[in-house]
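> Take this structure first; my questions come after.
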Amino acid sequence: MAYRHVPVMRREVLAYLDCRPGQTVVDGTLGGAGHAREICERIGPGGRLIGIDQDPEAVAHARSVLAPFGERVQLVQENFANMAEVLSRLGVGGADGILLDLGLSLNQLENSGRGFSFQREEPLDMRMDPRTGESAAELIARLEERELERIFRDFGEERHARAIARRLAAEQRRRPVRTSAELSRIVCAAVPRANAGRSRIHPATRVFMALRIAVNRELERLEAFLEALPRPLNPGGRVCILSFHSLEDRMVKQQFKALAQEPRRDPWPGEPATQPGGTLRVLTRKVVRPGPDEVAQNPMARSTRLRAAERLR
């Protein structure tokens with residue numbers, strides 16, 4: 001199976017992680033292992049990479065790509081939300097660097113056969129870990145119209161969430177919606193033609209993204225990871241997170257800011273003018289986006305947002 005992956009924002013990720021020889025770094029979302037390979041080359045013969053991914057195909061692919069680095073690489077099929085437990089099982093007290101890339105890999109879109117793409121006729125599964133949870137088809141069959149509308153609106157920021165949910169629920173009552181192509185046709189039929197023609201993206205893009213987020217409980221798992229910070233990091237260790245959705249980015253931004261505990265500029269009467277220093281130092285004062293050259297070469301990078309922070313103590 002062909003497995004292509006272009007590391008998104010490669011230069012920026014490596015700069016913020018600042019990988020050095022002898023460090024222990026965790027890639028919590030292996031994907032195509034492009035970032036992991038770059039990290040391995042920088043942490044040298046004394047370093048250690050721990051690679052985590054819930055997709056068994058990603059882990060198998062990474063095992064092949066990272067084979068030249070030998071025993072310095074340990075791979076685990078798990079969700080990054082459980083990173084602390086993984087490190088504990090491996091006897092690792094903390095990491096010097098953590099990377100999360102929250103986007104889909106090209107393999108999942110083009111080769112997995114799990115219905116991530118609206119351009120293919122595949123079973124409507126969308127589970128990143130096929131061992132657990134319910135598929136997208138099962139989720140659609142179980143949920144009421146109002147709940148489908150909420151998912152499309154909240155997770156996909158879809159303007160036509162109500163019309164799409166109504167049409168999908170009606171089609172589901174007639175016969176189960178079981179493939180990605182069926183779902184794509186239903187969404188396209190529900191979106192007004194004038195609106196579909198003005199959009200730069202396919203009408204089904206946001207609905208597919210919303211369902212994927214719901215099926216894999218992506219926001220819940222990101223929240224669990226963020227709540228565990230900065231424990232998985234050693235003092236001086238850095239965390240870089242690549243997100244592709246405004247909700248994800250907002251969660252990362254707010255947690256980094258909370259852990260940094262910036263001084264109060266206008267305290268209430270009786271409050272101290274400053275707070276004790278936080279446990280994180282935010283390295284990205286503003287969100288970092290890919291440059292136009294990268295977007296031109298890799299359109300999947302278009303919506304990427306990068307934030308990074310360093311553990312102080």
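> Distance between the C-alpha centers of segment 133-201 and segment 220-255? Whole Å please.
Segment 133-201 and segment 220-255 have Cα centres spaced 30 Å from each other.
> Going toward the positive end of the dipole of the chain, with +1 on Lys and Arg Cβ and -1 on Asp and Glu Cβ, which of Q23, V73, A170 do you reach last?
Checked the options; the winner is A170.
> Which of T29, T279, T132 has the fewest other C-beta atoms within 10 Å, and how do the rest follow up to the most?
Fewest-to-most ranking of T29, T279, T132: T132, T279, T29.
> Here's a follow-up. Dipole size in debye (nearest 20) for the chain around its Cα centre, Lys and Arg Cβ +1, Asp and Glu Cβ -1?
800 debye
> Which residue fluctuates the most in the chain, going by a Gaussian network model with Cα springs under 10 Å, if the choices are R37, R281, R142?
Result for the chain, Cα springs under 10 Å: R142 fluctuates most.
> With Cβ to Cβ distances under 11 Å as the rule, what net charge do the other residues near S112 carry (K, R +1; D, E -1)?
Summing Lys and Arg as +1 and Asp and Glu as -1 gives -2.
> Does a label point 7 Å from the Cα of R250, set along Cα-to-beta-carbon, have any residues of segment 143-186 with amide nitrogen under 20 Å, and which are they?
147-162
> Ranked highest first by average number of other Cβ atoms within 10 Å, how do 68-80, 292-304, 88-100 line up?
Packing proxy ranking, top to bottom: 88-100, 68-80, 292-304.
All of the numbers you see were taken from the coordinates with simple rules; none came from a lab. Note that the coordinates shown come from a computational prediction; the quantities given were computed from them, not determined experimentally. Backbone-built Cβ (ideal geometry, glycine too); neighbour counts: all protein chains shown.
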